[in-house]
Amino acid sequence: METLLRETAERAATYLEGLKERTVFPRSDDLHRLDELAGPLPERGEEPAAVLAQLDRYGSPATVASAGGRYFGFVIGSALPAALAANWLAGAWNQNVGLEVASPVGTRLERVALGWVQDLLGLPPSAQGAFVTGATMANFSALAAARHAVLEKAGWDVEARGLFGAPPVTVVVGEEVHVTLLKALSLLGFGRDRVVRVPTDGQGRMRADQLGELSGPTIVCIQAGNVNTGAFDPATAVCERAHSAGAWVHVDGAFGLWAHAAPSRRHLTAGVENGDSWAVDAHKWLNVPYDSGMTFVRDGRHLRAAMAGAAGASYLPVSDRGEPTEFAPELSRRARGVDAWAALKSLGRSGMADLVERCCLHANRLAERLRAGGHRILNDVVLNQVLVSFGSDEQTLRVIEAVQRDGTCWCGGTVWHGTRAMRVSVSSWATTTEDIDRCAAAILRLAAP
């Protein structure tokens, strides 16, 4: 075991070092060689070292280099050194943090990390939270708590009786609502198509003046960080109007909530602390290994009621403050809090602020380089998101495809208010000014007539 793990560390270090020069997306030949990892299940097992060697030989070249500094797709962060190392150690620990008795260290680190994140994001210290897989399950868990709360107020026990015959719940979202929130709503039985959509402005922000009259059980969902533009819904105004009508406000802040950690960007998050629940990813701007998300609820009893369900099996322990599984969808789950604790401990408050600010400055630098090259930036670059048009939709698609084939960097495509655009998300601790300049030069070269 010791020899194998040392070899694994050496192979991993070699892989990470090689990211500085390799293409961001794997070459076609490397993708074809993945067939070497297929075939029928062998009758006899192979030596672990041989298995690892095959995995590295054929798997490593076929990865997307999202752990490096030149990947700008899908708001995917890298993995901080301390977080990656902690992840390896936690894998050796092999802890199940669904129950405190199964992992005292895992559950303690989760609670500490959740408290640190609440502090960094300006959320109420009395809120309770849980680690989940990512923003989809964070939204799901928070909205399950919201469903419990608004129906409890209406005299309905949704966990016991379900939605059949329940008072109708109105769900309000902005026109630019993220697909993961809609997926969470569908999983919860609210449906994607019956939501009330509120118009948004030119940057994708919900127009609070178009919120309309609210009455009865209602959940209003706002965004902290539009996935295309980085813009924030006007949380103060929306919360004031929603709460005056007795509605619940949920904040989908997958990556944008981290802006609160940087004093220079904190104004963007004004009012989000007035929400009733929040969803945030750790594998985005906190830069921990996949997968890791967090959900927070102002009144934790609603989260516990939604996640705990009926009395547990007789063999499961119970405690007054609740077992970790009573605040999350899963009973068995990995110790995500270990990675997050290590990331936060290694960064500190100032390091987290610097990480967010650097990514925002990199995004602005890239936008300015492309604008100076004659290309149109479609959004106000207030955070780490950049939308670029290279002329016609056809020309923009051509440039995106050329950039992805070239491999200097990887940027995805999107459609913003009817216009095709290249979408850039700068989310990695590993990105440097040199990376930005190198990528800008490549994009300008490939966009030239």
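The values are calculated or read from the model by the stated rules, or taken from the named source; none is laboratory data. The structure displayed is predicted, hence computed values, not measured ones. Quick reminder, even Gly has a Cβ in these numbers, built from the backbone with ideal geometry, and neighbours come from all protein chains shown.
Scanning segment 14-28 for residues that are surrounded by fewer than 17 Cβ atoms within 10 Å (Cβ to Cβ) and closer than 13 Å to Gln404 by Cα yields a count of 2. On the basis of being over 21 Å from the mean Cα position of the chain (by Cα) and at negative phi, does Pro81 make the cut? When the stated conditions are applied, Pro81 does not pass them. Selection of first residues in segment 146-174 that are hydroxyl-bearing (Ser, Thr, Tyr) and of second residues that are loosely packed, with under 14 Cβ neighbours inside 10 Å, restricted to Cβ pairs under 6 Å at least 6 apart or on distinct chains, gives an empty result. Suppose the filter is modelled with pLDDT of 95 or more, within 25 Å of Glu434 (Cβ to Cβ), surrounded by 12 or more Cβ atoms within 10 Å (Cβ to Cβ) and touching a helix residue (DSSP H, G or I) at 6+ places or on another chain (Cβ under 7 Å); does Ala90 pass it? Answer is no for this residue.
The test for being of a type outside the set (Lys, Arg), touching a residue at least 24 places away in the same chain (Cβ under 8 Å) and either under 24 Å from Gly115 (Cβ atoms) or touching a Leu at 6+ places or on another chain (Cβ under 8 Å) (or both) does not hold for Leu366. Residues in segment 377-393 that are among the β-branched types (Val, Ile, Thr) and in contact with a His (Cβ under 7 Å, 6 or more places away or on another chain): 1 in all.
Let's see how each residue does on (1) surrounded by fewer than 24 Cβ atoms within 10 Å (Cβ to Cβ); (2) at positive phi; (3) in contact (Cβ under 8 Å) with a residue 40 or more places away in the chain; (4) touching a Ser or Thr at 6+ places or on another chain (Cβ under 6 Å):
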| position | (1), (2), (3), (4) |
| --- | --- |
| Arg358 | yes, no, yes, no |
| Gly373 | yes, no, yes, no |
| Arg376 | yes, no, no, yes |
| Gly391 | yes, yes, no, no |
| Ala402 | yes, no, yes, no |
| Val415 | yes, no, no, no |
| Val426 | no, no, yes, no |
| Thr432 | yes, no, yes, no |
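Figure legend. Inter-residue proximity from segment 12-41: first residues touching a residue at least 24 places away in the same chain (Cβ under 8 Å) and over 11 Å from Pro61 (Cβ atoms), second residues among the basic types (Lys, Arg) and crowded, with 17+ Cβ neighbours inside 10 Å, beta-carbon distance below 8 Å, spacing 6+ or different chains. Indicated pairs: Val24/Arg70.
Determine whether Glu100 is within 23 Å of Ala342 (Cβ to Cβ), free of Cβ contacts under 8 Å to residues at least 24 places away in the same chain and not hydrophobic (A, V, I, L, M, F, W, C). Reasoning before the result, please.
Numbers: within 23 Å of Ala342 (Cβ to Cβ): yes; free of Cβ contacts under 8 Å to residues at least 24 places away in the same chain: no; not hydrophobic (A, V, I, L, M, F, W, C): yes.
Criteria not met by Glu100.
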